[in-house]
Amino acid sequence: MKNTIILSLLFTAFVFSSSYLNAQYDHVVMSREYVISLTSGWEGERFPDGRPKVSDDLLERLKNVVLTHAWGSLRGKGFNNQYQGNWMMIHEDKNTIMTGRVVTAQYMPRRPDFADVVRTVGLAEGHSELAGSNVWPIDILKDGDVYVADGYGKLEQGTLIGDRLASSIYSKSKNGIIFWGAVRNIQEIKKVEGFNGWILGDHPSSINEMMLTSINAPIRIGAATVLPGDVAYATPYGTLFIPAYLVGEIVFNAEISNLRHVYGIKRLKEGDWTTGMIDSRWSDEMVRDFNEWLRKMPDSELPMPRKELNDYLDRVK
């Protein structure tokens, strides 16, 4: 018995040590297979890099969703750590909403030996030898992407982009950035038409003593965990990062919540319902009244396709 236990322990140690020795840092941009494994809940079309290809239609519908409703719908699914607020926006405008498919990048304080490994692997992947590694995530952006980076909150010498890179980002993605970090030369960045960003601050210094460690791996943005292929929903009131496979449901539920709010206010103004009735659990009669109103809404006033609404109404009869 004793010998069996010893042999078992030795075999376990051998397997562990073999796995450890065979493990190697061989990707800066995570592989398609790795990204698919992270986002296995998604059953639709994907980009060549493995990220879910959430439709442009859903991204546009998300822009009209109320943040509180989307946040509440996410929490109802158990996703309690997808929101981050208290941002500095490059262009402050209460009507500014940005949605897009996330490309992630992780930065860390520079460590020379690891930085050498990252650069060697990155060059082998085909990234430019002339450009700094902070350019590499920008090179892979596609239309509709949002560049989301964890710069670990560094401001001075933590500036991940300046105005030239801002122009490059917008030309490739037609979108902006969300950085847990800083930008440089914000005075000129503000002149890049169409570009916006959610950042911690700006600083005139250049990036220094930082290194890129991964692209399209999980990252932390403040209080939120972000995966590649998530959908970013950025507003003047905060940002949400929505799992791709839940976007359709989150958008629809938020649209219904907003219509419910609109209808409740309508009935309140008409004197049919009281504030107490609206702010408490709706009675079966109130719900039927609301659903009948939905059925009669003109298609042109609906935020969702009529078929989606009809399917919903059939389920809640």
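The values are calculated or read from the model by the stated rules, or taken from the named source; none is laboratory data. Remember, predicted model here, so these are calculated numbers, not experimental data. Quick reminder, even Gly has a Cβ in these numbers, built from the backbone with ideal geometry, and neighbours come from all protein chains shown.
Observations
- Screening residue 205 with (1) buried (at least 17 other Cβ atoms within 10 Å of the Cβ); (2) at negative phi; (3) among the polar types (S, T, N, Q) gives one miss only, at (1).
- Answer residue from the range 188-246, given it is assigned to a helix (DSSP H, G or I) and hydrophobic (A, V, I, L, M, F, W, C) and is nearest to residue 163 (Cα to Cα) among those: 189
- The range 92-138: number of residues that are closer than 18 Å to residue 214 by Cβ and in contact (Cβ under 8 Å) with a residue 24 or more places away in the chain: 26
Rundown of residues vs (1) farther than 24 Å from residue 220 by Cα; (2) in the same structural domain as residue 143 (by TED's automatic domain parsing), yes/no style:
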{"position": "80", "(1), (2)": "no, no"}
{"position": "89", "(1), (2)": "no, yes"}
{"position": "99", "(1), (2)": "no, yes"}
{"position": "120", "(1), (2)": "yes, yes"}
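- Filtered residues of the range 141-165 (kept if surrounded by 19 or more Cβ atoms within 10 Å (Cβ to Cβ), assigned to a loop (DSSP other than H, G, I, E, B) and either in contact with a Gly (Cβ under 9 Å, 6 or more places away or on another chain) or at pLDDT below 95 (or both)): 151, 154, 158, 160, 161
- The range 227-236, residues that are within 22 Å of residue 136 (Cβ to Cβ) and surrounded by fewer than 24 Cβ atoms within 10 Å (Cβ to Cβ): 227
- Taken as a whole, the range 90-112 holds no residue that is assigned to a helix (DSSP H, G or I) and surrounded by 14 or more Cβ atoms within 10 Å (Cβ to Cβ).
- Counting the residues of the range 265-315 that are surrounded by 12 or more Cβ atoms within 10 Å (Cβ to Cβ) and not in a helix (DSSP H, G or I) gives 7.
- Subset of the range 255-269 [in contact with a Phe, Trp or Tyr (Cβ under 9 Å, 6 or more places away or on another chain) and of a type in the set (A, V, I, L, M)]: 256, 259
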